[in-house]
Amino acid sequence: MRDHSGYIEKDRHEAMQDVLDAWEFERGVETVEVPDALGRVAAADVVSKNTLPNKLTSNMDGIAVNFDAFEGGAPDTSAWVRGSDWQFCNTGIGMPGDFDTAIPIEWVEVSADDEHVVLNRLPEHRGNATTPVGANLQKGDVLVRAGDTLTPALLGVLNMGGHVQVDVVKRPVVAFIPTGNELVDAGKRLAKGKNVESNAVMVCAKLQQWGAEPLRYPIVPDNWKKLEKALLDAAEKADIVVINAGSSKGSDDFTCEILQEHGRMFHHMLAQGPGRHCSAAMLGATPVIGISGPPMGAEFTTDWMVKPLVDRYLGLSGAYPPMVFAQMDFAPDFWPEPVQVVKRGVVYRDEDDRLHARLLPMDGRPVLRTLDQANCFITFGRGVERWQAGDIHPVELRWPYVID
């Protein structure tokens with residue numbers, strides 16, 4: 001039996017911070033068309049090339065006039081000439097000529113030949129119903145800032161400012177290596193004792209949601225040479241590597257030993273479960289996260305250990321993990337020691353807008369089906385303060401960090 005006495009166990013928050021602190025990289029940048037930039041992260045501040053509007057503009061349909069004509073009160077419009085004393089104006093269009101004031105069409109009676117007007121209501125001030133030059137945008141205004149996630153509104157703002165392309169952070173390439181002699185690809189014959197490899201599609205989908213580019217490897221058997229080859233290859237090609245399974249202490253679990261031989265090991269396991277057998281190392285300049293094999297643990301540890309790395313590469317700010325204080329709707333019926341147990345929960349608002357938290361049940365098949373209902377993690381055990389039903393207690397939000 002191989003010696004695992006030197007294995008390092010860490011709290012998952014400490015473990016994650018160790019990797020973040022050690023990871024040095026050069027963030028890639030690429031230029032994309034603005035319509036293709038939805039959800040991408042701006043690589044630099046972008047300023048407007050345009051001033052909008054660039055001419056005094058009517059903000060409603062009506063007629064354009066000069067406000068000076070109203071200095072003595074209501075003018076006699078019977079002698080007004082269209083083009084000299086008034087002209088039609090339309091919403092969003094620059095005012096005709098040098099007219100400086102608009103009167104809504106609802107305040108005006110226009111003759112059948114469109115040449116004469118009677119005013120039922122007078123403009124209230126110079127510039128009435130108009131938008132001045134530069135009111136919406138001025139040349140040099142910052143349209144987006146580095147680190148902004150580009151939303152539909154921001155894409156529109158970029159176009160308004162005269163930009164058809166924008167520099168964005170390249171999507172980090174995240175290699176995913178599924179391992180195990182027992183694994184079979186979905187859709188293939190499942191022999192007795194074999195299992196379906198499902199974590200790749202789940203984890204790679206998460207990576208896409210988070211703004212990364214997955215690089216999915218084929219299943220690698222529990223063979224030292226083949227695992228070593230896959231890890232070294234992935235560390236060359238990817239910004240981040242995720243290897244699924246093999247970080248435990250089984251007779252065919254070689255991941256940690258290979259990482260120790262070729263890189264710098266941060267930890268071999270977490271002090272939390274599910275997903276306790278989750279490791280982290282650096283192969284050269286590339287962080288390698290070894291997530292646990294069972295789907296529940298893989299789902300949890302991907303959120304805990306991989307999402308923060310993707311966020312850091314993209315330059316996204318924010319505290320990790322995001323925490324809120326909520327009134328607990330339950331008292332724990334057990335208290336594990338010496339590790340922590342993390343369970344899925346739901347944070348919600350009551351009619352008075354107060355936050356509450358409850359556990360999601362673990363029964364029912366498939367268990368993973370209920371994961372999408374969870375918007376928080378609730379932690380029990382070592383280092384966590386006990387609580388009773390009704391107590392206020394911190395809970396950790398789960399991506400996308402939304403509370404209904």
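A compact table of results
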{"quantity": "Failed item, numbered, when residue 198 is tested on (1) within 30 Å of the chain's Cα centre (by Cα); (2) modelled with pLDDT of 95 or more", "calculated": "(2)"}
{"quantity": "Members of segment 336-362 found to be in a strand (DSSP E or B) and β-branched (Val, Ile, Thr), listed by number", "calculated": "341, 342, 346, 347"}
{"quantity": "Residue match in segment 224-247 (condition: surrounded by fewer than 20 Cβ atoms within 10 Å (Cβ to Cβ) and assigned to a loop (DSSP other than H, G, I, E, B))", "calculated": "no"}
{"quantity": "Given (1) surrounded by 11 or more Cβ atoms within 10 Å (Cβ to Cβ); (2) outside any helix (DSSP H, G or I), index of the condition residue 383 fails", "calculated": "(1)"}
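The values are calculated or read from the model by the stated rules, or taken from the named source; none is laboratory data. The model shown is predicted, which means the values in this text are computed figures rather than measured ones. No Cβ is skipped: glycine too gets one built from the backbone with ideal geometry, and neighbour counts run over all protein chains shown.
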